[in-house]
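The values are calculated or read from the model by the stated rules, or taken from the named source; none is laboratory data. What you are looking at is a predicted structure, and each value in this text was computed from that prediction instead of being measured. Here Cβ is always computed from backbone atoms with ideal geometry, including for glycine, and neighbour counts include all displayed protein chains.
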């Protein structure tokens, strides 16, 4: 039986705004097994971003339980949660969040600098260069964000998310700032990572982007209303070829 990377049981998240209680997530039970590629969709206010924040250990649930890779997250201290975020989760956001005065390689190195394993020197550079190579940017290691296109900046952000070899990659609207062709390039990278075993949970409001995932979850009013395999799943590399642009090169 394939192990669950994410397991939620009756998860709730309530925000108190003055005297008003806002139920952002209501009784969500969910399992994501190793090797899945899941899109979480829903309108603004549906609870999808709140759910992502809880899964990413950026926020604590109000009720219910959450296991990440078999570990009960609710029992962890703040320092232990920080360790989980650094070592077992990779984050990709819509806004890239790169340091502007720092090279692509140095941006990718950041999670390793905060790792308790203390990667330094040649090992630090080796792992960071390998992560850039995985997203087809080995030749751009010395470039600063201002010297890179939006798609290349997002690839650097993906490399940074991968450098600590996380159990789970979390992507929040990763194509939201990109044009159609560049979005296809990013989805081709995600699909390649998923084929090689990476578990990915991606929040998106774009049905066209969700068609590159394997499973689709739709939320409304804090609840899951649809959970199904993606019908007529698309292959991003094939779509790029049709559009006249090859898929990003895989490392040899």
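Go through segment 62-80 and count every residue that is assigned to a helix (DSSP H, G or I) and crowded, with 16+ Cβ neighbours inside 10 Å.
Keep residues of segment 62-80 that are assigned to a helix (DSSP H, G or I), which gives 73-75, 78-80.
In the following step, the residues that additionally are crowded, with 16+ Cβ neighbours inside 10 Å were identified as 73.
The number of residues fulfilling the criteria is 1.
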Review point. Any residue at all in segment 23-42 that is buried (at least 18 other Cβ atoms within 10 Å of the Cβ) and not in a strand (DSSP E or B)?
Key: yes
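Do we have residue 229 as surrounded by fewer than 22 Cβ atoms within 10 Å (Cβ to Cβ), in contact with a strand residue (DSSP E or B) (Cβ under 8 Å, 6 or more places away or on another chain), over 29 Å from residue 114 (Cβ atoms) and in contact (Cβ under 8 Å) with a residue 60 or more places away in the chain here? Can you show your working first?
Details: surrounded by fewer than 22 Cβ atoms within 10 Å (Cβ to Cβ): yes; in contact with a strand residue (DSSP E or B) (Cβ under 8 Å, 6 or more places away or on another chain): yes; over 29 Å from residue 114 (Cβ atoms): yes; in contact (Cβ under 8 Å) with a residue 60 or more places away in the chain: no.
Criteria not met by residue 229.
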Exercise for review: Assess whether residue 31 counts as being without any contact (Cβ under 8 Å) to a residue 60 or more places away in the chain and either touching a helix residue (DSSP H, G or I) at 6+ places or on another chain (Cβ under 8 Å) or over 25 Å from residue 176 (Cβ atoms) (or both).
Suggested key: yes
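Among the residues of segment 86-102, write down those that are closer than 17 Å to residue 189 by Cβ and surrounded by 18 or more Cβ atoms within 10 Å (Cβ to Cβ).
Residues of segment 86-102 that are closer than 17 Å to residue 189 by Cβ, as a first pass: 90-94, 96, 98.
Once the filter is applied, which keeps residues that are closer than 17 Å to residue 189 by Cβ and surrounded by 18 or more Cβ atoms within 10 Å (Cβ to Cβ), segment 86-102 yields 90, 91, 92, 96, 98.
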Point to revise | Flag for residue 127 being farther than 20 Å from residue 185 by Cα, surrounded by fewer than 17 Cβ atoms within 10 Å (Cβ to Cβ) and in contact (Cβ under 8 Å) with a residue 12 or more places away in the chain | key: no
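Would you check if residue 105 is touching a helix residue (DSSP H, G or I) at 6+ places or on another chain (Cβ under 7 Å) and buried (at least 17 other Cβ atoms within 10 Å of the Cβ)? Don't jump to the end; show me each part of the working.
Details: touching a helix residue (DSSP H, G or I) at 6+ places or on another chain (Cβ under 7 Å): yes; buried (at least 17 other Cβ atoms within 10 Å of the Cβ): yes.
Against the criterion (touching a helix residue (DSSP H, G or I) at 6+ places or on another chain (Cβ under 7 Å) and buried (at least 17 other Cβ atoms within 10 Å of the Cβ)), residue 105 qualifies.
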**Study point:** Set 56, 42: member being farther than 23 Å from residue 233 by Cα and either touching a strand residue (DSSP E or B) at 6+ places or on another chain (Cβ under 8 Å) or free of Cβ contacts under 8 Å to residues at least 40 places away in the same chain (or both)
**Key:** 56
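Here's the yes/no breakdown for (1) over 19 Å from residue 87 (Cα atoms); (2) at pLDDT 95 or above; (3) touching a strand residue (DSSP E or B) at 6+ places or on another chain (Cβ under 9 Å):
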| site | (1), (2), (3) |
| --- | --- |
| 103 | yes, yes, no |
| 112 | no, no, no |
| 115 | no, no, no |
| 123 | no, no, no |
| 126 | no, no, no |
| 136 | yes, no, no |
| 147 | yes, yes, no |
| 163 | no, no, yes |
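Take the conditions surrounded by fewer than 18 Cβ atoms within 10 Å (Cβ to Cβ) and closer than 21 Å to residue 67 by Cα and apply them to residue 206. Does it pass? If you could, list the steps in order and put the result at the bottom.
Values: surrounded by fewer than 18 Cβ atoms within 10 Å (Cβ to Cβ): yes; closer than 21 Å to residue 67 by Cα: no.
Considered against the rule, which asks whether it is surrounded by fewer than 18 Cβ atoms within 10 Å (Cβ to Cβ) and closer than 21 Å to residue 67 by Cα, residue 206 comes out as no.
Return yes or no: is residue 234 at negative phi and touching a strand residue (DSSP E or B) at 6+ places or on another chain (Cβ under 7 Å)?
Values: at negative phi: yes; touching a strand residue (DSSP E or B) at 6+ places or on another chain (Cβ under 7 Å): no.
Against the criterion (at negative phi and touching a strand residue (DSSP E or B) at 6+ places or on another chain (Cβ under 7 Å)), residue 234 does not qualify.
Limited to segment 1-22, what total is found for residues that are out of contact with any strand residue (DSSP E or B) (no Cβ under 7 Å at 6 or more places or on another chain) and either assigned to a strand (DSSP E or B) or touching a residue at least 12 places away in the same chain (Cβ under 8 Å) (or both)?
3
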